[in-house]
1. Given the conditions (1) within 24 Å of A36 (Cβ to Cβ); (2) among the aliphatic types (A, V, I, L, M); (3) modelled with pLDDT of 95 or more, which single one is not true for L61?
2. Quick check on my filter: what residues within segment 99-143 are farther than 21 Å from R50 by Cα and in contact with a Pro (Cβ under 9 Å, 6 or more places away or on another chain)?
3. In segment 101-154, which residue that is surrounded by fewer than 18 Cβ atoms within 10 Å (Cβ to Cβ) and of a type in the set (K, R) is nearest to the chain's Cα centre (by Cα)?
Amino acid sequence: MEDSSASSASSVPLASSSPQAGQSTFRRLSRSEDSACPIPGLPANTLHMRVKEGSKIRNLLRLATARMQGEGGDGGGTPVRQVVFTGSGRGITKTVTCVEILKRKVAGLHQLSKLYYKTVTETWGSPGLTVDRTVPAICILLSKDPLDPQEPGYQPPRTDGGPAEDAERCRDLLGMAGGRSSQHAAKRVCLSDWTACPPSQNLSGPAPHF
């Protein structure tokens, strides 16, 4: 009787430790995603800005503004006529924010927005389990040169409509590309001076249907 009880007690730590050992090896080893741009025919010198969830908006705008205005420093003194912002998943909110702020810094920009799906391939665990995920993404082209106004997603250069017009455009984009969480985050962003937007600006809208 004593031998059987001792053997059962000694087996408990082994049973409880085995899931932890399995979980420690089951982690993501690599991640790749489809980087194809849904806007064809872009010039070779087009500036591509990839916005991630952890990207710093100030850093992205510093580079994009310098290149669009042909300034030195981060821009290297080489001006560009077009810039493309792309973001997926939780990076969609920052993508829209970067676009709206850049349009206030550089006047006369034509805009073309495209919504699409992006395939993300992840490899998990030591055996190399591959998983494909499909996530929503947004691609926004800003151009100094005129674009086709008949193209779906086109917006003409902004006028001096003030914060109300900026809030309306931001609401339209987030209504298509983001859920309530994205819209709530956008309320805390001021497109003119980085402060809180007035409470009268309602950025709420219906959730998208992908």
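1. Only one criterion is unmet by L61, namely (1).
2. A107, G108
3. By that ranking, first place goes to K114.
The values are calculated or read from the model by the stated rules, or taken from the named source; none is laboratory data. This is a predicted model, so every value here is computed, not measured. FYI the Cβ positions are ideal-geometry reconstructions off the backbone, even for glycines, and counts take in every protein chain you see.
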